[in-house]
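The values are calculated or read from the model by the stated rules, or taken from the named source; none is laboratory data. All of these numbers come straight from a predicted model, not from anything done at the bench. Methodologically, a virtual Cβ is constructed for each residue, glycine included, from the backbone with ideal geometry; neighbour enumeration extends over all protein chains shown.
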Amino acid sequence: MFQIDETTTHGQRAMQRMETERVVWLTTVRKDGTPQPVPVWFIWTGEQFLIFSQPESLKLKNIERNPRVSLNFNSDENGDDVMIFFGEAILDRSGPPANEVKEYIDKYRDSIRSLDMTPESFAESYSVPIRVKPDYLHGF
């Protein structure tokens, strides 16, 4: 089971970023082996990253072929504060829609509104939950 050592400065920073960052880069691998990074919204549930996707997105096709993914936060302006999570993505098509995940809607309500969407229309469009269970954190 994945755990972050919160007794270290790096572990404490990782936990802080998992709770406060608004975007994480999800990298999947295309059929031809090319990495496919995309910025996504997420919440950290305490055990996994929860992301919502449109059903026809390339990232879903990539995950169906190869569930191994990475997630990374932007570094700082000097290239420090690097955090890359490696893990397995699961398409949770039976999971709750985004508008029923209070933490997700609370975090992104204003961003959803800026897309001229409601939580309900967002959930309809971004209808596929992706759960990423990390097994390793690399960073410096």
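Structure values in brief
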| item | result |
| --- | --- |
| Any hit, region 46-53, residues being closer than 23 Å to Gln3 by Cα, surrounded by 13 or more Cβ atoms within 10 Å (Cβ to Cβ) and of a type in the set (S, T, N, Q) | yes |
| Test set (1) over 27 Å from Thr8 (Cα atoms); (2) buried (at least 19 other Cβ atoms within 10 Å of the Cβ); (3) among the aliphatic types (A, V, I, L, M); (4) touching a residue at least 24 places away in the same chain (Cβ under 8 Å) - Ile112 fails condition number | (4) |
| Residue in region 65-72 that is part of a helix (DSSP H, G or I) and either over 18 Å from Ser127 (Cβ atoms) or aromatic (Phe, Trp, Tyr) (or both) present | yes |
| Residue within region 18-28 that is in a loop (DSSP other than H, G, I, E, B), modelled with pLDDT of 95 or more and among the hydrophobic types (A, V, I, L, M, F, W, C) present | yes |
| Residue check, Ser75 modelled with pLDDT of 95 or more, surrounded by fewer than 17 Cβ atoms within 10 Å (Cβ to Cβ) and either hydroxyl-bearing (Ser, Thr, Tyr) or under 14 Å from Gln48 (Cα atoms) (or both) | no |
| Residue within region 84-92 that is among the aromatic types (Phe, Trp, Tyr) and assigned to a helix (DSSP H, G or I) present | no |
| Considering residues of region 39-57 that are outside any loop (DSSP other than H, G, I, E, B), hydrophobic (A, V, I, L, M, F, W, C) and out of contact with any helix residue (DSSP H, G or I) (no Cβ under 6 Å at 6 or more places or on another chain) only, the residue nearest to Pro134 (Cα to Cα) | Phe49 |
| Residues being assigned to a helix (DSSP H, G or I) and either among the aromatic types (Phe, Trp, Tyr) or in contact with a helix residue (DSSP H, G or I) (Cβ under 7 Å, 6 or more places away or on another chain) (or both) - total across region 93-108 | 5 |
| Members of region 83-140 that are more than 15 Å from the chain's Cα centre (by Cα), β-branched (Val, Ile, Thr) and farther than 17 Å from Val23 by Cα | Thr118 |
| Per-region count, region 115-140, residues part of a strand (DSSP E or B) and either surrounded by 13 or more Cβ atoms within 10 Å (Cβ to Cβ) or on the phi > 0 side of the Ramachandran plot (or both) | 9 |
